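Below is one structure, written out as structure tokens; comments come after it.
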Amino acid sequence: MKNIYFISDAHLGCKALEHRRMQERRLVRFLDDIKDKADAIYLLGDMFDFWFEYQEVVPKGYTRFLGKLSELTDSGIEVHYFTGNHDMWTNGYLHKECGVIIHEEPITIEIHNKIFYLAHGHKVKVKGVKISKYEQFMFWCFENKTLQRIARWFPSGLFMRFGFKWAKHSHVNHHINGTPEYLGDDKECFMLFAKDYLVSHPDVNYFIFGHRHIDVNKDITPESRLIILGQWYSLFTYARFDGNELTISHYLEGDKDNHARL
Ligand SMILES: [Mn+2]
């Protein structure tokens, strides 16, 4: 078999990033670089910093990325697109135009006799870990179909500007002023979730998440690992499963093979 690749959290279009065009080009070069080696590519959420799709209109920009996705799926590579908390407002365009398979919920799949649990991670709930009232309220708003319909009545320019502002604020709050480090096995939300989930689903070999913007590849049990994918605006990290082993690497440019294993 060829390889399976996993990346997340490019936050394309993020107003807090000055090198947005360079970042998009680099992402496209990466996808181009792996296209002959990939059976499938899993994009685990927040590829866009703010994506809000209307009935007949989509956000402008991202033409290089969207074109590359279409090229990959046209050539027969499976591309899976998980919606994250920044790009959950899709409405069929990415599937119809670019051929990606949309996932709005976590999935469990088997690849080469290994079981993978895949999710962006923003919906992960762990007993004893508190979510602030504000965050609960925001999630409720985000997922509310009536509010989404109402949002579409506003002039698109106005609403998109609001969306990008919120996304930038959230990015700065969580990932620049927030906690960019692994909190430890007894505190890290995804580790706690995975341990708990294994009690009822002991056959899962890999739990793979995005969302936290840190790169983690850790044993949970001898048969099960936790992978957090890092991000694609300064770390440029990705995971690759070759049918036997799963590794996380940085995508470096200028190197002979363009990859530095972590
Ligand atoms: Mn996220």
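Values as computed for the structure displayed
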| quantity | calculated |
| --- | --- |
| Qualifying residue in segment 122-139 (condition: surrounded by 12 or more Cβ atoms within 10 Å (Cβ to Cβ), in contact (Cβ under 8 Å) with a residue 12 or more places away in the chain, out of contact with any helix residue (DSSP H, G or I) (no Cβ under 7 Å at 6 or more places or on another chain) and under 30 Å from Glu245 (Cβ atoms)) | yes |
| Unique residue being within 14 Å of the ligand (Cβ to nearest atom) and under 26 Å from Ile227 (Cα atoms) when the list is Phe65, Phe50, Phe30, Phe6 | Phe50 |
| Qualifying residue in segment 78-88 (condition: out of contact with any His (no Cβ under 8 Å at 6 or more places or on another chain), within 16 Å of the ligand (Cβ to nearest atom), of a type in the set (Ser, Thr, Tyr) and over 21 Å from Leu252 (Cβ atoms)) | no |
| Members of segment 22-47 found to be part of a loop (DSSP other than H, G, I, E, B) and within 19 Å of the chain's Cα centre (by Cα), listed by number | Lys35, Leu44, Gly45, Asp46, Met47 |
| Leading residue by the ranking (nearest to the ligand (Cβ to nearest atom)) among those in segment 106-125 that are modelled with pLDDT under 95 and under 23 Å from Gln136 (Cα atoms) | His122 |
| Selected residue (criterion: farthest from the ligand (Cβ to nearest atom)) from residues of segment 9-21 that are small (Gly, Ala, Ser) and either assigned to a strand (DSSP E or B) or under 16 Å from Tyr62 (Cα atoms) (or both) | Gly13 |
| Long-range neighbours under 6 Å by Cβ, at least six apart or interchain, first residue under 15 Å from Thr63 (Cβ atoms) within segment 22-33, second at pLDDT below 95 and hydroxyl-bearing (Ser, Thr, Tyr) | Gln23/Tyr233 |
| Sole exception among (1) of a type outside the set (Ser, Thr, Tyr); (2) buried (at least 18 other Cβ atoms within 10 Å of the Cβ); (3) within 16 Å of the ligand (Cβ to nearest atom) for Glu24, by number | (3) |
| Whichever residue in segment 48-86 is touching an Asp or Glu at 6+ places or on another chain (Cβ under 6 Å) and outside any strand (DSSP E or B) and, among such residues, is surrounded by the most Cβ atoms within 10 Å (Cβ to Cβ) | His86 |
| Cys98, sole failed condition from (1) out of contact with any Gly (no Cβ under 9 Å at 6 or more places or on another chain); (2) modelled with pLDDT of 90 or more; (3) under 29 Å from Lys68 (Cβ atoms); (4) surrounded by 13 or more Cβ atoms within 10 Å (Cβ to Cβ) | (1) |
| Scope segment 182-220; condition in a helix (DSSP H, G or I) and either within 16 Å of the ligand (Cβ to nearest atom) or free of Cβ contacts under 8 Å to residues at least 24 places away in the same chain (or both); matching residues | Cys189, Phe190, Phe193, Val199, Ser200 |
| Conditions (1) of a type outside the set (Asp, Glu); (2) within 23 Å of Ala239 (Cβ to Cβ); (3) surrounded by fewer than 20 Cβ atoms within 10 Å (Cβ to Cβ): number failed by Asn91 | (2) |
| Residue check for Gly157: assigned to a helix (DSSP H, G or I) and in contact (Cβ under 8 Å) with a residue 12 or more places away in the chain | no |
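The values are calculated or read from the model by the stated rules, or taken from the named source; none is laboratory data. Computed from a predicted model, the values in this text were never measured in an experiment. Positions of Cβ are generated from backbone atoms using ideal geometry, with glycine treated the same way; all protein chains shown enter the neighbour counts.
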